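These notes are about the structure you will find just below.
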Amino acid sequence: MSSISGVGGGFRPHHKPPSFDQIDSNSDGGISLDEFESAAPKGADSAKSEELFKKIDTDGDGSITKAESDAFKDKAKKADSLLQSFLFSLQAGGTQNAQAASDSDSDKDSKSAFDAIDSDVNGGISKDEFSAAFKDSRLNSDQLNRLFSSLDKNGDGSVSQDEVKAFQSSLQQSGERHHHRRPPEAFQNASQAYGSASQLSAQGTTETTYAKAA
């Protein structure tokens, strides 16, 4: 189980969470809120645990079935996979050679991830689209907001392909001047938001339902 404190670090060791059958202590085929909270990592926020429970309990009957648990884990896995693709596209695009062809693999990866998030296909990623794409990922709402704000350079509530390219360029420039001078505070914040998201995403694509409660 992992968590993040602030925008740049504070990771705790990862522990394998209990299985569905282990959490279903009375073996009735469903996990109650009490069972769910009892299985949460030590020190987990009860409010977050309850919020996550309600998200998994899609029919709202107060009990999580194995089917509901598996469905949520599948959504979380897909969201984390998309998150990894998107973050990788930012880094790959930012470090590619300036003379590379416009149809390079990194360009294609960037466009593919961008298009997957841009659900209304209008050429821009709104905050709602960004949140919807990653709501089941390992990033919490605060981390998603910081990353979105870092990408939305002009603050108009939508991330364009040009803004993505600008962020990629900023990552590259930061690497080139890393040993020469301290980058501007605005970019430091953007880089930290990206780094935090990357570190969390790099831990794996299979997000467990119970570890997310912490």
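The values are calculated or read from the model by the stated rules, or taken from the named source; none is laboratory data. Values in this document were obtained by computation on a predicted structure and should not be read as measured data. All Cβ positions, glycine included, derive from the backbone under ideal geometry; neighbour counts span all protein chains shown. For the accessible areas, the whole protein counts, side chains as well, though only heavy atoms, and no ligand, DNA or RNA atoms are used. Shrake-Rupley method; radii C 1.70, N 1.55, O 1.52, S 1.80 Å.
Numbers at a glance
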{"quantity": "Among the candidates SER69, SER46, residue that is out of contact with any strand residue (DSSP E or B) (no Cβ under 6 Å at 6 or more places or on another chain) and farther than 17 Å from SER19 by Cα", "calculated": "SER46"}
{"quantity": "Test: SER46 is of a type in the set (Gly, Ala, Ser), more than 26 Å from the chain's Cα centre (by Cα) and either at pLDDT below 85 or on the phi < 0 side of the Ramachandran plot (or both)", "calculated": "no"}
{"quantity": "Within region 153-168, tally of residues that are more than 20 Å from PHE88 (Cβ to Cβ) and buried (at least 17 other Cβ atoms within 10 Å of the Cβ)", "calculated": "2"}
{"quantity": "Answer from SER19, SER38, SER5 - the residue that is surrounded by fewer than 18 Cβ atoms within 10 Å (Cβ to Cβ), under 16 Å from GLU68 (Cβ atoms) and modelled with pLDDT under 95", "calculated": "SER19"}
{"quantity": "Residue that is nearest to PHE72 (Cα to Cα), among those in region 99-142 that are of a type in the set (Asp, Glu) and at pLDDT 85 or above", "calculated": "ASP136"}
{"quantity": "Residue in region 66-88 that is more than 23 Å from the chain's Cα centre (by Cα), open to solvent by 30 Å² or more (accessible area, probe 1.4 Å) and modelled with pLDDT of 60 or more present", "calculated": "yes"}
